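Some notes on the structure that comes next.
The values are calculated or read from the model by the stated rules, or taken from the named source; none is laboratory data. Values in this document were obtained by computation on a predicted structure and should not be read as measured data. Here the Cβ positions follow ideal geometry from the backbone for every residue, glycine too, while neighbour counts run over all protein chains shown.
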Amino acid sequence: MYSIKNSRLSKALLIVISSLSVFCTPQMDDKNKTAAVEGLKSHEIKQVPDADIVATAYERGEIIANLADDLFLEKLQSESVEACEFIPDAKLDSVVSEYGAKLQMLNPDHPGDDEIELQILEAYKYSLANGQEIAHNVQEIDDNLLLYSRAIITTAELCRKCLNSSGNSEDADDTSNGDILCGMWSIMLSKKEIVKSL
C-alpha cells in the first residue's frame, strides 16, 4: 500500500542517489558542485516547529501592518483621494512581495467576502465598543495559509472621510477619546515561504 511514509522514503532515496550520481561525475568542477549542493538543499524536507512559523507570521505581519498604518494615516491627513482605496507605495509593495504576502484593507463599507475576516472584523468592533483590549492575531486558514490581522484605529474625524459613502460611519463604535474602528489589515502569509526562510 502506498503511504506518506513510503513516499517520503522514496523521495529521500532519490535525493541520495541523485547526490551520488552528481558527485561521481568526473567533469563536474567545484562551481557546479556548489550549485548542485544548493539545488539539493532546496529539495530537503524541513521540519520547523509550528510555534516558530506562527512567531514569524506575527513578525512579518506586524512589519507590513506598521508600514501600511503609516501610509494610510499620512494619506488621510493629507486628504489624498488614494487613502480610502489604499494603494501601497513602492516601499510597502516591496516588503509585501519579499514576504510573498497578500495585503488588503477591510472596513465596514468593504468587509470582504471571507467568513473568517468578517468574524475578526466584528470581533474588533465588539471589543472596541466594550472597552476591551484589541490585539493583532494570526489565524490558520488552511494547510498553507496564515492570516495576520490588525485593527485600524483612528479618530472619527479622519476615518469618516472614508466611511461616509454608505453612512456606516454613523454607526461606528466610538471610544471615550473619539477613536473608532476604521477597518483592519488583512495579511495572508504562506507557510511555505516562511519555512523556506527559517
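Quick notes
- Listed by first and then second residue, the pairs with beta-carbon distance under 7 Å, at least 6 apart or on different chains, first residue in region 182-196 and under 11 Å from R60 (Cα atoms) and in contact (Cβ under 8 Å) with a residue 12 or more places away in the chain, second of a type in the set (S, T, Y) and not in a strand (DSSP E or B), are L189/Y99; I194/T56.
- Residue that is out of contact with any strand residue (DSSP E or B) (no Cβ under 7 Å at 6 or more places or on another chain) and at pLDDT below 90, where the choices are S165, S127: S165
- Residue match in region 108-119 (condition: among the aliphatic types (A, V, I, L, M) and part of a helix (DSSP H, G or I)): yes
- Some residue of region 95-111 being on the phi > 0 side of the Ramachandran plot and modelled with pLDDT of 90 or more: yes
- Pair list, Cβ under 8 Å, 6 or more apart: region 143-161 residue in contact (Cβ under 8 Å) with a residue 24 or more places away in the chain, other residue aromatic (F, W, Y) and in a strand (DSSP E or B): Y148/W185; S149/W185; R150/W185; I152/W185
- Selection within region 133-152 - touching a Phe, Trp or Tyr at 6+ places or on another chain (Cβ under 9 Å) and hydrophobic (A, V, I, L, M, F, W, C): I134, V138, A151, I152
- Qualifying residue in region 99-115 (condition: surrounded by fewer than 16 Cβ atoms within 10 Å (Cβ to Cβ), among the hydrophobic types (A, V, I, L, M, F, W, C), within 15 Å of A57 (Cβ to Cβ) and in the same structural domain as R60 (by TED's automatic domain parsing)): no
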